[in-house]
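Q: Sharing a structure with you now.
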Amino acid sequence: ALLLAGESALMKASGEIALTLAMPLLAARTLVTIRFQPGQTVNQLREQLDSTTPTFARIIGDLNKQGLIERRKSESGDRRTRQLYLSLEGKRVTDPAAISMRDRLRRAYRAAGSGAVGGVRSVLEALL
């Protein structure tokens, strides 16, 4: 429960993007995820965000039309596969969320102490 509450607190920044840009929350979460994990394929990102194919296709299409993301051909493997990256405008609109998340994490880690940081990292890596 604590892990889910932490994730929820960090993802509130996505909600702020959604409100500011009048976009669906899934679109804002997509932008934030691409920012921190660039180069994922559409399918990888869709699975990570637990979205249906039609809904996610619409979200990606809208973000592309708005100039917030770039689709690039995969450098390895299937050349038809597209990897997703933020455009300069996408980076600009996600800057406040990234700064907010970084500041929240920094405060939490400072409050927990240096020994706790290693422990948290070990637990999270074990989950992956």
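Any read-out appearing in this document is the output of simple, stated calculations on the displayed coordinates, not a laboratory observation. For clarity, every value in this text was computed on a predicted model and none was experimentally measured. Here the Cβ is made from the backbone with ideal geometry for all residues, glycine too, and neighbour counts use every protein chain on show.
Q: Does Arg46 satisfy the condition of being crowded, with 16+ Cβ neighbours inside 10 Å and either over 29 Å from Arg107 (Cα atoms) or in contact (Cβ under 8 Å) with a residue 12 or more places away in the chain (or both)?
A: Values: crowded, with 16+ Cβ neighbours inside 10 Å: yes; either over 29 Å from Arg107 (Cα atoms) or in contact (Cβ under 8 Å) with a residue 12 or more places away in the chain (or both): yes.
In short, yes.
Q: Which ones in region 1-23 are surrounded by 12 or more Cβ atoms within 10 Å (Cβ to Cβ) and within 18 Å of Glu89 (Cβ to Cβ)?
A: Listed by number, the residues that qualify are Ala13, Ser14, Glu16, Ile17, Ala18, Thr20, Leu21, Met23.
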